[in-house]
Structure formats: structure tokens, C-alpha cells
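To start, the structure under review is shown below, and the notes come after it.
The values are calculated or read from the model by the stated rules, or taken from the named source; none is laboratory data. Keep in mind the model is a prediction, meaning the values are calculated, not measured. Every residue, glycine as well, gets a Cβ built from its backbone with ideal geometry; the counts of neighbours run over all protein chains shown. Only protein heavy atoms, including side chains, enter the accessible area calculation; ligands, DNA and RNA are left aside. Shrake-Rupley method; radii C 1.70, N 1.55, O 1.52, S 1.80 Å.
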Amino acid sequence: MGERIRFEDGRWIVSDRPVIPFIEGDGTGPDIWRAARRVFDAAVEKTARGKRRVEWLEILAGEKAFKETGSWLPDATLETIRQHRVAIKGPLTTPVGGGIRSLNVTLRQLLDLYACVRPVRYFPGVPSPMREPQKLDVVIFRENIEDVYSGVEYRASTPEADALIAFLTERFGAKIRPGSAIGIKPMSKFGSQRLVAKAIAYALSAGRRSVTLVHKGNIMKFTEGGFREWGYEIAKERFGDKTVPESEVGSGTGDGGRVVIKDRITDAMFAQLVLRPDEYSVIAAPNLNGDLLSDAAAAQVGGLGLAPGGNVGDGYAVYEATHGTAPKYAGLDKVNPGSVILSGAMMFEELGWTDVSAAIVRGLEGALRSRRVTYDLARLMPDATEVSTSSFAECIIEHV
Ligand code: NAD
């Protein structure tokens, strides 16, 4: 019998038979989930020799949920994730038209998944537009709830937008063109600090050397500038003996083995990731900066097909493929399962099954070295053989 994963005193309690809910996803979701699950089970089996096993529990969302229950996102799905704390999902169709709850948004609110974590690193053999793609190895912690994504936005010339413009103009002398659309950018000390603290805690546990706060505080002084200031503040308050601000790393004194806290203006950071990628390790960013940086960084190492992600809170986490449903290839056993497979590796690492996580990464590296890869990589890799989703999974398992 499987057991639920628990979270006590800031730590995951994971038995040898954890129950992990999964959503296979729409479009190509079932193809990649089938492949990923085989890789996960093989990695667990090979590292634990029968002593551990994951009990996968299917939960419904998206098209399959709609067909079977009439709801795109049944309450039972949300409740199961809440009870089991950790889940993994394939991509879901975003139905066009009103009245549909987005799973990601709903889960973020319900479970307070305030950090979107996106590791970006290069896998040898993957085609990349960069000369030295292996120099990029970062983990991006993007704030997931606040900023211009908080949903407080009003269409131009609506009573709400007009009332806000009138208020800001009359009360504060703001200069806003009449008839503008208005969006609000709330960023709190609480929200910023818990995100930065999570990034620093990760850097410490993973033995990473720096955390860079990425902000546009030169222009948005109180929101983005606040993020920077609150970030340095929490680093000093909570991790004072284990971190050091870059400004205090003098020539000769070095960082004393501590994690260096740096900050960069957003536009400069895009350039830095291209020009001096190896100077960055963990990145903590507000919502919009983090969103843009994650995909740009993923492109540098060969694209979204291999980019994993997780939405993480305190004691709750949902891991997911970062690409969409690729509907034209649905059911063809054709697309790359790498993104959801690496998301699973992240999940096992978070849960403390680091040997399983390492085995999955090793397997994927081996498959890429053997140059038997899915179409998206095969068409860009010289001498590669194109294989199906399921054969790619078999090849990964051979190398686990
Ligand atoms: P997409 O990611 O599905 O496709 C973009 C391109 O990448 C297509 O050419 C596709 O064939 C290719 N591609 C995607 N995943 C691939 C893989 N694993 N291997 C090889 N090639 C792959 O994006 P889209 O076409 O904009 O969106 C399709 C649907 O997915 C929409 O309904 C959208 O709302 C949804 N979507 C969901 C998520 C999510 O659930 N997290 C994210 C993005 C898009």
C-alpha cells in the first residue's frame, strides 16, 4: 500500500512507497507521460533494487476530465493534489472561451505555489545557437504570484480604468493619457523575501556559489527596487553567516566559502547570460523578469523541448513539462519526452531521492550521447537517428 507524502517541520517525509498523483495531459501528453513513467519506474527500480516504488495515482484535468466528468478541472483533482502535496503534470490545452479555470492559476492560489523553479543547463550533443552552451548552468527562481501577473488589469476606456486614472490624476497629480488601459504591479516585501529566501536555501543545499537578484529597480524604484532591497535584507537577516553581498567581496579576501548575493538590472542580465554565463548560478527574479529570462535561457541551451519546471510552495509542489500540447503530433509517438522526464528528476531531487534524480539525468545524457533522439533534436543533430518517443525512453532506460 502506498503512503501519502507528508511535510513536517520544513521537511519532506517520504516513505518507500509514496503515492504521487499525475495528470497525463492533453495532445501529446499521454505519449510523453507513458515514456516518462517508464523512465521514472526504471530509475527507482535500478537505484533501490525493489526496496522503493512509486504508486502513481491518475487525476483528471483538461480534455480527458471534460469528457469524463463535464469539468475541465474537477474539484476532486485539486483536493487530491492538496492531500498528496506533490504532483506532476503533462501539458494541458487552454480552452478558448470564457469561464474556464486555469489549472496552473488555480493551483498557485490554492496551494500558494509561490516559486516557479526552472533549472537551465546544457546537455552535450543538443544543438544550441551558442559557441559554448555548456557554460550556462543556472536555476531560476521566479516569483509566481505578484507583479503585473496578479490580474489587476482594466481594459482601456472602461469605468474601472477611467476611475483609476481620475483618482491617480486628481489625488497624486499622475500624468496618464485619458483612455489608457491600466494594470497594477503589486510587489510585497513578504512575497519578495520568501522567494529570495527559497533561492538562497536552495543555493546552500545544492552547493551553488551565488544568488543573483534580477530587477529593473533603476526605473521601477519601489516595486523592482524593493525586490532588490528586500532580497539583500533577508539574505543578511536569515543567512547572514552563510552569505556575503558582492560589494563586500573585496579583492584578496574572497567570499570565504559563503554564497555571494549579487544583483543585476534586467536588461544587463539578458546580456550577461549570453556573454558571461558562467558567472551566474542561482537567479531570483520577480514574476515578469523571471518569465522572460527562463525561456531566453532555455533557448541558449537548445530550446524548450528539454526544459523542466516546477511550481513550488512551502510543503507543496507541482512539476510540469514547460512546453505545450503539440496537438498535431498527438498519438503519433513522436515528440520529445525530455521536459517532463527532467521535471520528474527535479521532483525526486526535492523529495530527497537524489540517487533516482541523478540516474534519470544520467540516462538522458547517455541517450543524447548515443544520438538516438526524437525528431525535434534529430533534424538539428548531425549523424543522429530519429527514434519515437517510446524508443527514446527505452534508450534513456538503457543508460540509467
Ligand atoms: P507547443 O509547445 O505545444 O508547441 C510549440 C512548438 O513546439 C510546436 O511546433 C510543437 O510541435 C513543438 N513542441 C512542443 N512540445 C514538443 C516536444 N515535447 N517535442 C517536440 N516538439 C515539441 O505550444 P502551442 O502550439 O503554442 O500550444 C499548444 C497548446 O498547448 C495550447 O492549447 C496551449 O494553450 C497549450 N499550452 C499548455 C502549456 C502547459 O500546460 N503548461 C504550456 C504552453 C502551451
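Kindly provide the trypsin sites (Lys or Arg not before Pro) of the range 185-257 that DSSP labels as loop, not H, G, I, E or B, and whose Cβ sees at most 13 other Cβ atoms within 10 Å. Don't skip to the answer; put the middle values down first.
Details: sites: 189, 194, 198, 208, 209, 216, 221, 228, 236, 238, 242; in loops: 208, 209, 216, 221, 242.
Loop-located and lightly packed - 221.
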Checklist line | Whole-Hz ³J(HN,Hα) from phi, Karplus 6.51 cos²θ - 1.76 cosθ + 1.60, for the range 24-34, glycine and proline x | finding: 6, x, 9, x, 7, x, x, 4, 6, 5, 4
Notebook entry, point to check: Long-range amide H contacts for residue 335: which residues qualify at under 5 Å (H placed 1.01 Å from N, peptide plane, sequence gap of 5 or more or a different chain)?
Noted result: 389
Check: On alpha-carbon atoms, Rg over Rh for the chain using Kirkwood Rh?
Finding: 0.98
Checklist line | Cα-based convex hull, the range 270-400, per residue volume (Å³, whole number) | finding: 138
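Accessible area per residue, 1.4 Å probe, Å², for the range 261-393: what's the number? Display every interim value, and only then the final one.
Details: 4580 Å² over 133 residues.
Ligands and nucleic acids excluded, the result is 34 Å² per residue.
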Check: Relative to the Cα centre, what is the charge dipole magnitude of the range 254-400, using +1 at the beta carbon of each Lys and Arg, -1 at the beta carbon of each Asp and Glu, and rounding to the nearest 20 debye?
Finding: 320
Notebook entry, point to check: Which Cα, out of 222, 247, 33, lies furthest along the positive dipole direction of the chain (beta carbon charges, K/R +1, D/E -1)?
Noted result: 247
Next item on the list: Using only Cα atoms, find the angle between the long axis of helix 224-239 and the longest principal axis of the chain, and express it within 0 to 90 degrees, rounded to the nearest 10.
Entry: 70
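Counting DSSP beta bridges with both partners in the chain, what percentage is antiparallel, nearest 5? It would help to have the intermediate numbers written out before the result.
Values: 20 of 49 bridges.
The answer is about 40 percent antiparallel.
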Note to self: Between helix 75-84 and the chain, what is the angle of the helix's C-alpha long axis to the longest principal axis, kept within 0 to 90° and rounded to the nearest 10?
What the structure shows: 80
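In debye, nearest 20: dipole of the range 91-181 around its Cα centre with unit charges on the Cβ of K, R (+) and D, E (-)? Mind dumping the intermediate values first?
On the way: 11 positive and 10 negative charges, 62 e Å.
The calculated dipole for the range 91-181 is roughly 300 debye.
Any of 89/242; 46/89; 198/334; 89/236; 135/236 with alpha carbons more than 32 Å apart? Name them for me. It would help to have the intermediate numbers written out before the result.
Working: 89/242 35 Å; 46/89 24 Å; 198/334 37 Å; 89/236 36 Å; 135/236 29 Å.
Distance filter (> 32 Å) returns 89/242; 198/334; 89/236.
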Checklist line | Dipole of the chain [Lys/Arg +1, Asp/Glu -1 at C-beta], most positive-end residue of 338, 168, 73 | finding: 338
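What number, rounded to the nearest 500 deg cm²/dmol, is the helix-based mean residue ellipticity at 222 nm of the chain, given -39500 (n - 2.57) per DSSP H run of at least four residues and division by all its residues? Intermediate results must be reported in sequence, preceding the final value.
Details: 13 runs with 161 residues, N = 400.
Mean residue ellipticity at 222 nm (helix-derived): -12500 deg cm²/dmol.
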Notebook entry, point to check: When the dipole is taken about the Cα centre of the chain, and only Lys, Arg (+1) and Asp, Glu (-1) are charged at their Cβ, what size is it in debye, to the nearest 20?
Noted result: 340
Item checked: Residue-normalised accessible area of the range 128-238, given per residue in Å² at a 1.4 Å probe -> 57
Margin query: With unit charges on the beta carbons (Lys and Arg positive, Asp and Glu negative) and the dipole taken about the Cα centre of the chain, which residue among 90, 201, 399 sits farthest to the positive side?
Written below: 399
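In terms of the Cα gyration tensor, with a ≥ b ≥ c the square roots of its eigenvalues, is the range 97-165 rounded because a/c is under 1.5, prolate because a/b exceeds b/c, or oblate? Numbers along the way, then the final one.
Numbers: a/c = 2.88, a/b = 2.17, b/c = 1.33.
Note, shape of the range 97-165 comes out prolate.
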Notebook entry, point to check: Can you run phi through the Karplus equation (6.51, -1.76, 1.60; θ = phi - 60°) for the range 122-132 and list ³J(HN,Hα) in whole Hz, with x for Gly and Pro?
Noted result: 9, 10, x, x, 6, x, 9, x, 9, 6, 10
Note to self: Net charge around residue 264, counting only other residues with Cβ within less than 13 Å of its Cβ (Lys, Arg = +1; Asp, Glu = -1)?
What the structure shows: -1
Notebook entry, point to check: How far is the Cα center of the range 176-240 from the Cα center of the range 134-159, in Å?
Noted result: 12
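Tell me, what % of the accessible area of the chain is carbon and sulfur with a 1.4 angstrom probe? Walk me through the numbers on the way to the answer.
Details: 9600 of 18670 Å².
Reported share for carbon and sulfur atoms: 51 percent.
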Notebook entry, point to check: Between the helical axis of 354-369 and the dominant principal axis of the chain, each derived from Cα atoms, what acute angle in degrees is found, rounded to the nearest 10?
Noted result: 80
